[in-house]
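The values are calculated or read from the model by the stated rules, or taken from the named source; none is laboratory data. Keep in mind the model is a prediction, meaning the values are calculated, not measured. Cβ coordinates were reconstructed from backbone atoms using ideal geometry, including for glycine residues, and neighbour counts include every protein chain displayed. Each accessible area value is taken on the protein alone, full model and side chains, heavy atoms only, with ligands, DNA and RNA left out. Shrake-Rupley method; radii C 1.70, N 1.55, O 1.52, S 1.80 Å.
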Amino acid sequence: MSTAIEIHPDGAALAEAAARHFIRCASEAIAARGAFHVALSGGSTPKPMFEKLGGPLRGELDWSHVHLWWGDERCVPPDHVESNFRMVRETLLGAIALPDAQVHRIRGEAPDRLAEAARLADELSHRLPVEGGVPVFDLMLQGMGGDGHTASLFPTTGKALVRDRFAVHVIPPAYVKPQVERISVTAPVIEAAREVHALLAGAEKAEMLEKVMHGPLELDVRPMGILRQARGQVRWLLDQAVAAKLPR
Ligand code: 6PG
């Protein structure tokens, strides 16, 4: 594994850097393997990055070889305000018009969530390159909640410790908002990615980030620590506020 840390002055600079790394990673994957498989993260941090990719930077990439996936999804319909898919449709998909076959949406509306997690795991295993028995993304975007969760692997649920499946159904702890069930990829998939870009911003996450990066590796306490087990390149894309407690 190789690790890089970038600290940017604010959210706009962070979004620009993240978008340009996305384009670089995509161009490298397309040149090497003819396709780019990327798992997008949800939440608010990546939104300005997606807006740049669907806006001023749209022409910087040949989108015809790009496959969009999601690292997790809320168990809501795709047009629901809390849907991670809806956020990407509004910021990026509408501008790049990918064929449906290249948009690998997690079906949050599925009534049988265990079956949907199994379907996602099966699609990952059949559509992605597999190395050592694990599907390999070219890039995974990982956010982190203030509680140290990533994707929808929340503390105390045991889901960050699952290693015998590539996707799981998650009932988040009661404090989590939105309080909806989730579908999430698991640690082995995150660890196997060729590149992982961790996008984090905001002073409220600074203490948790320092513990995740330098504290004890306790994945059911701080699931974002999974990135310390990544086999590929991990690039931490941070704003100054969230990086404030990191050793200089
Ligand atoms: C989700 C995300 C989740 C997100 C973190 C950070 O479905 O919410 O996948 O893991 O990355 O909660 O969210 P913010 O960027 O909104 O702080």
Per residue, accessible area of the range 2-239 with a 1.4 Å probe, heavy atoms of protein chains only, in Å², comes to 39 Å²
Note: Arg33 to Arg248 extended length (0.36 nm per residue) minus current alpha-carbon separation gives 73.6 nm
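May I ask you to derive the relative contact order of the range 2-239, considering only C-alpha pairs under 8 Å and at least 6 residues apart, and to give it as an integer percent? Please list the in-between numbers first.
Values: 484 pairs, mean separation 57.7, N = 238.
After rounding, I find 24 percent.
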I want the local charge near Gln179. Using Cβ-Cβ distances under 13 Å, sum +1 for each Lys or Arg and -1 for each Asp or Glu among the other residues.
+1
Which shape class applies to the range 177-248: rounded if a/c is under 1.5, otherwise prolate when a/b exceeds b/c and oblate if not, where a ≥ b ≥ c are the square roots of the Cα gyration tensor eigenvalues?
oblate
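Once whole DSSP H runs in the chain are found, which of them have Cα atoms spread over 30 Å or more along the helix axis and a mean Kyte-Doolittle score of at least -1.0?
Numbers: long enough: 11-33 (32 Å, 0.49).
The answer, listed by residue number, is 11-33.
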Around Ile5, which amide H atoms from residues at least 5 apart in sequence, or from another chain, sit under 5 Å from its own amide H, with H modelled in the peptide plane?
Trp236
In terms of the Cα gyration tensor, with a ≥ b ≥ c the square roots of its eigenvalues, is the range 2-239 rounded because a/c is under 1.5, prolate because a/b exceeds b/c, or oblate?
rounded
Within the accessible area of the range 2-239, what % is carbon and sulfur when the probe is 1.4 Å and the other protein chains stay in place?
53 percent
Run the reach check for Lys245 against lysines, Cα to Cα strictly under 17 Å, same-chain hits fewer than 8 apart removed. What comes back?
Lys205, Lys211
Based on the Cβ-Cβ distance of Leu98 and His214, what FRET efficiency does E = 1/(1 + (r/R0)^6) give at R0 = 51 Å, to the nearest 0.05?
0.85
Restricting to DSSP H runs of at least four residues, report the calculated mean residue ellipticity at 222 nm for the chain, -39500 (n - 2.57) per run over all residues, nearest 500 deg cm²/dmol.
-8000 deg cm²/dmol
